[in-house]
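**Student:** Just passing along the structure, written as structure tokens.
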Amino acid sequence: MHGTVFTLLKRYVQTQYDHSTWVRLLEVANLSAVDFDHKNVYPDEHMYALVGHAAEMTGLSADQLHEKFGEYLVPDLMYMYQRLVQPEWKTLDMIEHTENTMHRQVRSEHLENAPPVLEVSRVSPTELYIDYMSKRRMGALAVGIVRGLATYFDEADQIVVEPTTSENGERVRIWVRQIPSQC
Ligand code: HEM
């Protein structure tokens with residue numbers, strides 16, 4: 001997986017917990033010798049080991065941790081690829097266009113990059129389904145990213161995100177809809 005995801009996981013652990021937690025996490029995952037940087041691609045197994053042990057250390061489930069980490073990732077991902085984002089896009093538009101813009105760009109940058117396939121069906125202006133497909137089984141990260149996008153676009157009180165299948169299969173269906181603002 002893309003080194004950026006690892007460097008952001010490191011920053012997430014350092015800011016939500018502290019630096020010594022990150023060092024301890026590397027030790028228990030047997031990865032103390034690895035120095036993650038954004039220019040390289042690392043084995044997926046490293047990510048599973050880090051998230052699995054981080055979940056144990058924090059008392060969260062791996063799905064909950066993936067969701068929280070997905071939310072945290074969004075501002076940095078948006079910043080890195082902002083040139084591909086149209087100014088009029090909001091949460092649902094971003095989701096609808098990720099496959100053909102951001103994830104397409106990621107795939108073209110490195111042969112080993114393999115973001116998930118996201119098949120998006122926009123059922124109406126206020127509702128869509130995401131069919132997530134990836135051998136990595138990180139649907140919970142996708143759920144977190146959608147929540148993070150809603151926060152990023154100031155729509156957190158209007159966007160409802162509901163996985164309609166188990167979050168950790170190779171195929172995950174996520175229902176996203178926009179409801180009128182509460183205020
Ligand atoms: C600003 C928009 C986005 C950018 C720049 C972006 C970028 C990336 C990058 C760089 C990776 C790592 C790929 C690899 O290592 O091979 C990735 C993976 C991933 N992306 Fe995105 N992404 C964006 C939006 C989304 C959205 C909207 C979703 C879901 C609704 C999503 C779901 C995921 C998931 C779950 C992964 C983990 C890998 C996997 O499950 O196979 N991304 N993305």
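The values are calculated or read from the model by the stated rules, or taken from the named source; none is laboratory data. Everything numeric here is computed off the predicted structure, so don't read it as measured data. Every residue, glycine as well, gets a Cβ built from its backbone with ideal geometry; the counts of neighbours run over all protein chains shown. We work out accessible area using only protein heavy atoms, side chains counted, and drop any ligands, DNA or RNA first. Shrake-Rupley method; radii C 1.70, N 1.55, O 1.52, S 1.80 Å.
**Student:** Filter the range 1-31 down to the residues that are part of a loop (DSSP other than H, G, I, E, B), away from the ligand (no atom under 16 Å from the Cβ) and surrounded by 12 or more Cβ atoms within 10 Å (Cβ to Cβ) and list them by number.
**Tutor:** Hits for the range 1-31 are Tyr17, Ala29, Leu31.
**Student:** Just give me the residues in the range 121-152 being more than 25 Å from Ala62 (Cα to Cα) and either within 13 Å of the chain's Cα centre (by Cα) or open to solvent by 30 Å² or more (accessible area, probe 1.4 Å) (or both), in sequence order.
**Tutor:** Ser121, Arg122, Val123, Ser124, Pro125, Thr126, Glu127 - these are the residues of the range 121-152 that are more than 25 Å from Ala62 (Cα to Cα) and either within 13 Å of the chain's Cα centre (by Cα) or open to solvent by 30 Å² or more (accessible area, probe 1.4 Å) (or both).
**Student:** Moving to a separate point now. Assess whether Pro87 counts as being surrounded by fewer than 18 Cβ atoms within 10 Å (Cβ to Cβ), more than 7 Å from the ligand (Cβ to nearest atom), more than 22 Å from Trp175 (Cβ to Cβ) and in contact (Cβ under 8 Å) with a residue 40 or more places away in the chain.
**Tutor:** When the stated conditions are applied, Pro87 does not pass them.
**Student:** Which residues, counting only those in the range 6-49, are out of contact with any His (no Cβ under 9 Å at 6 or more places or on another chain) and of a type in the set (Phe, Trp, Tyr)?
**Tutor:** Scanning the range 6-49 gives Tyr12, Tyr17, Trp22, Tyr48.
**Student:** What is the one condition in (1) over 30 Å from Glu45 (Cβ atoms); (2) of a type in the set (A, V, I, L, M, F, W, C); (3) modelled with pLDDT of 95 or more that Cys183 does not satisfy?
**Tutor:** (3)
**Student:** Does Val117 fit the bill of being at pLDDT 95 or above and within 9 Å of the ligand (Cβ to nearest atom)?
**Tutor:** Yes.
**Student:** I'd like the full set of residues that are among the acidic types (Asp, Glu), farther than 26 Å from Asn113 by Cβ and in a loop (DSSP other than H, G, I, E, B), limited to the range 155-183.
**Tutor:** Applying the first criterion (among the acidic types (Asp, Glu)) to the range 155-183 yields 155, 157, 162, 167, 170.
Still in the running and farther than 26 Å from Asn113 by Cβ: 155, 157, 162.
Listed by number, the residues that qualify are Glu155, Asp157.
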